[in-house]
Structures are given as structure tokens and as C-alpha cells.
Amino acid sequence: MSNLAIAANGLRKSYGDKVVLDGVDLNVPEGTVFSLLGPNGAGKTTAVKILSTLVSADPGSGSIHVGGHDLSTDPQAARAAIGVTGQFSAVDGLITGEENMLLMADLHHLSKREGRRTAAELLERFDLVEAAKKPASTYSGGMKRRLDIAMTLVGNPRIIFLDEPTTGLDPRARHNMWQIIRELITDGVTVFLTTQYLDEADELADRIAVLNNGTIVAQGTAEELKRLIPGGHVRLRFTDPAAYQNAAAVLSDAAPDDEALALQLPSDGSQRELRSVLDRLDSAGIEADELSVHTPDLDDVFFTLTGAGAGIPAQSKENVR
Amino acid sequence: MSTLPLAVRDSTTMLRRNLLHARRYPSLTLNLLLTPIMLLLLFVYIFGNVMSAGIGGGTGRAHYIAYIVPGLLLMTIGSTTIGTAVSVSNDMTEGIIARFRTMAIHRGSVLIGHVVGSVLQSVASVVLVGAVAVAIGFRSTGAGVLEWLAAFGLLVLFATALTWIAVGMGLVSPNAEAASNNAMPLILLPLLSSAFIPVHTMPGWFQPIAQYQPFTPAIETLRGLLLGSRIGNNGWLAVVWCVGLTVLGYYWSKAKFDSDPE
């Protein structure tokens, strides 16, 4: 097994009475992308803050190593190995994009010449050359986020923390950001990514941990997580309560949802299975108002594990009317 | 890199950042300069004759100009450091500070950059207000090179002391408005000192407060250096206040900055 870039045992953090992290273990092998997935307030940002040395873990926590350095004894060495891009852009809005980059170069003790070269290279790579001479406060959300990552890369960190890097970005900027993250990955950098978007974790991460109420409720690859929950299903919805009752009687193997007047049948979504369902309805003379096929995705995992309840529209649902 | 060169290098970088802010957005510093300059003009041209007579200098206002300029120079420092509190407080709400905290840079450099930048701004402001004073007729009497150097040293020392206190105020203030309010005493204290009228003309119960608060000894010392009046024990009182406030402000700020951010 390769070395661990991040190894944290029993991470605990409370603010007053509120327990934010309640014994979280995180192990991220070097050169992989790890995604911490969870709803708002699950403790994702707190985990990043602790691992990036911004705040300290509670005394009851186990040992935390980042880049092989113990955070309690040698935080400076860990800091030298990491780069952090937070949820809220960590750029200096009062100075220009280029000045932000040169500031980072100075703080990484690059020579004047090397600093200029690195700054110019990264500004070019992140498509910020035109905006380089403008104050960062005038940048759009996507530009700020790009500048933020560019600044993080000045020090050539081997471990990068990306705390909700696409929150608040429009779809185009979001896909740009994904592309940027993929490029980081091909450079062999270890990425610790937090997100509340399942497709993002699915798209980018080697391993995903689902964090809810301060504990990890599931962990594995996207495929492993999808296998954790029941398979796909067909959902039938009715507007007429009588038709719903009839259908429920005919399809006795379906799980009823009386409030929504909907029935849910296990199904792999194949044509054969769909036809058999439709045939059974036809022979009883019942017509459903809406039929949808649902294949399992991370949304299901997420909602099942975090107890957010079913019935929230998932992206892979296709309506058949 | 060992500690000291690292500290110097990173602090210099932070200083450059703060000076860049000040140069790019000079309105805050300039606004704060207006208060002492307005007070100078008000007291000299509007109240000048009465004030001059009141402190026993006859009806000409020249005597009063000489009297209030030292106090206004120190008030200028108080006023400039309000800007320090505001900009530190503003800075702490920016994500960039969180970034600095996660970088392998010298821990104190962020604050040292603010302090050195602010002291430089104070000195520049004092020079500007001093120039206005000279333009309306202020002349030092009997100050030699040594006195000028001592006066400059006192101003820098005083600016350092107030700046560290202002940095602490900025760090405990949740936003710029609060920082500005918290730092108010830095500009109100001179009004309760010997800046505008001699302490012995104040009500008896108030005299000890006016006499021993940080501004009065510094003002009396500066007056002595520039105008040849008697300094007495004000000299060492001023130095004790400056050193005391610097140490207090330093440890207060450091403790605040080193504790986990919200």
C-alpha cells in the first residue's frame, strides 16, 4: 500500500455544546482524490480547517498526520506541503490578480525572477492574463475561484484541499473547475475535496466518504457506495385516489406511498420489466398518470444515508408519459 | 530558513501588501487626517484669540499656535491608528488571512506588517499636519538637532504604542464599524489632555486624570523638546506609557491572532 498523504484518527471538534465532528477517521493515500460528501452543516469545512492547520482539533482526537507531519508537533512542516482553496475565496480583493500571485511568490520565498515567471505561467494557465491588472474584487465568482486555485499552486503543494470549489458557480464555470481539478490529478497531486454535489464526487473522486452530523456514515468508491442501497425502481404516480387504490391492489409487490399516491416497484429498468408492469396495469384497466424509471445513483446513497428522505428528484430519472 | 531572516522577509512582504493597500485606497488615511487639521484651523483661526488670552498669551494667536501644535501632532497619531483598527478588522474578515494561516510563513508577519505600515503612515501624517502648522505660523524655538531627533523618536515610539493597541482593537472587533467605535478613545483622549488647555485650568477632581493619561506626558515632552518648556518627569512618564502600551498591545494582539479563528 502506498503512503498516506492524510491520516487522521478520531477527529473531534465541538463549538460550545455543538458537536461538529464526532470521531472521524480519514485516510487518503498519496496521489488520489478523496471526496468528503455531506449536506450543509455536516462538518466538512471544519474537517478541512483542522487538516489544513487553520483550527486545532479537540484534545480528545487521535493523531493527525498531513504529508507525514504530525499537526500537533510540526504544523509548519505540514503547512509547507499543503495548499488550501476555501469555500470563500482567499484572495486579496484590494490588489490586482497579478499582485496576488506575486504576493504568494514572495511568501514562498521565490526569487523575483522565478516569482514573475511562475505568476505569469499560472495566470496564463487559468485564463486570467486579461484580468491580471484589475483589482481582484472586480472578478466574477468563477474568476475569483480560478485566481484562488492559481494562488494555491504557486507553492507547488503536494496536497491540495478544495473546500466546495464549485459552490455558487454557474454550470459553465463549474465544468471549467472540474477540468482544472482533473489536470491537478494528472500531475499526481493528492486532492482532498469537499462537496455537497454528488455528481461532482462521482466525477472526480477515487474514494468518497459520506459525512453526516459529524460522523462518517459510509465510505468507498462511487460504485461501492451505489451498491450499498437497493437497486433501481419504477415509480407510478396517480392523481385519482380510486385508481391508486386499485393499482395498489393489483401490484401487491409495490411499496405504496399513500400521500403522494405513488407506487414504487423494484426494477432494473429494462424494457421487459417495464412491459410486464404495463401489462399488469392494462389487464386491470388502470392507467397511471406518470411513470418514471429510477436507476440508483449517489443521490440515493446520499439521501438514504443522511436521512434526508426520499422523493427528492434525482438526475437520472427519466419520465415516460 | 531560520527564524529571524524568515520573520524579516515575510514581515517585509506583508508590509509591502499593506502599503499597497494604503496607496491604492488613500481615502481612509486622508479622511482621518482631516480631523486634526480641522481642529488646528478651528482652534487657531476661530477660537484663537480667546484661547490665547485664556492661557495668558495676550490677544495674538501666535502664542496659541505654539501651544496646541504638539498636542495636535500626537492627536494625528491617534487619528491614524483608528484607521489601523479598521483595516486590521477588515483584513481579518477576508479569506486571504485564512490562507496566510495555512502557509508556512512567519506567524507574526501579518501583524508586524500592519504595525510597521501603520507607524510609517503615522509619521507621514504627522509630517503633513506639521507642514500645515508651519504654513500657518508655527515655529519651534530653541530646538537643536538633538531635540529634533528626540522629538522624532518620541513620535515613533508613541505611534508604535498606539498602533499595537489599535491592532488589538481591530482583532477583537467583528467588523469595521465596531473597530472604528472601539478605537474612538484614541482620538477622544487628546481632548481630555493638555493638548488644548493647560491641565491646571481644569476642575480639580479632573486634573489627575488629565495629568497622567498617556497623551499628556507625551504632549508635554514634545512641547518641551520643540518649544523649550519644562519637561520635568513627563519625559520618563511618556516613555513608560509608550513601552507599557506597546507590550500590552503586542501580547494582547498576539494572543488574539494565535487563537483559533471563528
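Bear in mind these aren't lab numbers, they're just calculated from the coordinates by the rules spelled out. Keep in mind the model is a prediction, meaning the values are calculated, not measured. Don't worry about glycine lacking a Cβ; one is built from the backbone with ideal geometry, like all the others, and counts go over all protein chains shown.
Summarising the amide proton neighbourhood of A:Asn212: residues at separation of 5 or more, or on other chains, whose placed amide H is nearer than 5 Å comprise A:Val217.
When chain B is treated as a GNM with alpha-carbon contacts under 10 Å, the residue of B:Thr93, B:Thr35, B:Thr102 showing the greatest mean-square fluctuation is B:Thr102.
The fewest-to-most ranking of B:Glu147, A:Glu164, B:Glu220 by surrounding Cβ atoms within 10 Å reads B:Glu147, A:Glu164, B:Glu220.
Relative to the longest principal axis of the Cα atoms of chain A, the long axis of helix A:241-250 makes an angle of roughly 80 degrees.
Rounded to two decimals, the Cα radius of gyration of the stretch B:152-245 over 2.2 N^0.38 Å is 1.16. Here the Karplus relation 6.51 cos²θ - 1.76 cosθ + 1.60, evaluated at θ = phi - 60°, turns the backbone of the stretch B:96-110 into coupling constants of 4, 5, 4, 4, 4, 5, 9, 9, 7, 10, 4, 4, x, 4, 4 Hz, with x for every Gly and Pro.
About its Cα centre, the dipole of the protein assembly as shown is roughly 3340 debye, where the only charges are +1 on Lys and Arg Cβ and -1 on Asp and Glu Cβ. Using θ = phi - 60° in the Karplus curve 6.51 cos²θ - 1.76 cosθ + 1.60, the 3J(HN,Hα) couplings for the stretch A:96-109 round to 6, x, 5, 5, 4, 5, 5, 4, 4, 4, 5, 6, 8, 6 Hz; x is entered for Gly and Pro. When you restrict to C-alpha pairs under 8 Å that are six or more residues apart and normalise by the size of the stretch A:45-132, the relative contact order lands at 17 percent. Place a point 7 Å from Cα of B:Ala131 in the direction of its Cβ. Which residues in the stretch B:23-48 have their backbone N less than 19 Å from it? Residues B:23-41 qualify, since their backbone N sits under 19 Å from the label point. The separation of the stretch B:122-168 from the stretch B:184-247, counted between C-alpha centres, amounts to 15 Å. In this structure the amide hydrogen of A:Thr221, modeled in the peptide plane, comes within under 5 Å of the amide hydrogens of A:Ile208, none closer than 5 places in sequence on its chain.
Which shape class, rounded, prolate or oblate, goes with the stretch A:91-192 when its Cα gyration tensor gives a ≥ b ≥ c as root eigenvalues, a/c under 1.5 marks rounded, and past that a/b bigger than b/c marks prolate? Since a/c reaches 1.5 but b/c is at least a/b, the shape of the stretch A:91-192 is classed as oblate. Fraction of C-alpha pairs exceeding 31 angstrom in chain A: 44 percent, rounded to a whole number. Largest mean-square fluctuation among A:Asn213, A:Asn156, A:Asn246, in a Gaussian network model of chain A whose springs join Cα atoms under 10 Å apart, belongs to A:Asn246. With the largest listed first and rounded to whole Å, the semi-axes of the equivalent ellipsoid of the stretch A:173-265 from the Cα gyration tensor are 41, 15, 12. Look at the alpha carbon pairs under 8 Å that are at least 6 residues apart: their mean separation over the length of the stretch B:3-258 gives a relative contact order of 26 percent. A simple count of charges around A:Leu4, restricted to other residues whose Cβ falls under 15 Å of its Cβ and scoring Lys, Arg +1 and Asp, Glu -1, yields -2. Taking amide H as placed 1.01 Å from N in the peptide plane, A:Gly62 has its amide H under 5 Å from the amide H of A:Asn9, A:Gly10, A:Leu11, A:Arg12, each at least 5 places away in sequence or on another chain.
Between A:Val24, A:Val55, A:Val301, where does the largest GNM mean-square fluctuation fall for chain A, given springs only between Cα atoms within less than 10 Å? Result for chain A, Cα springs under 10 Å: A:Val55 fluctuates most.
Helix B:215-227 axis versus longest C-alpha principal axis of chain B: approximately 60°, rounded to the nearest ten.
Against chain A, whose longest principal axis comes from its Cα atoms, helix A:112-125 is set at around 20 degrees.
Which entries in A:Lys112/B:Lys254; A:Lys44/A:Lys226; A:Lys144/B:Lys254; A:Lys144/B:Lys256; A:Lys49/A:Lys112 show an alpha-carbon gap greater than 25 Å? Violating the 25 Å Cα-Cα cut-off are A:Lys112/B:Lys254; A:Lys144/B:Lys254; A:Lys144/B:Lys256; A:Lys49/A:Lys112.
Sorted fewest first by neighbouring Cβ atoms within 10 angstrom, B:His200, A:His69 come out as B:His200, A:His69.
For the stretch A:252-269, putting each phi into the Karplus relation 6.51 cos²θ - 1.76 cosθ + 1.60 with θ = phi - 60° gives couplings of 6, 7, 7, 8, x, 10, 4, 5, 8, 6, 10, 10, 10, 10, x, 6, 8, x Hz, in residue order, rounded to whole numbers and with x for Gly and Pro. For the stretch A:233-295, the relative contact order comes to 50 percent (Cα pairs under 8 Å, sequence separation of at least 6).
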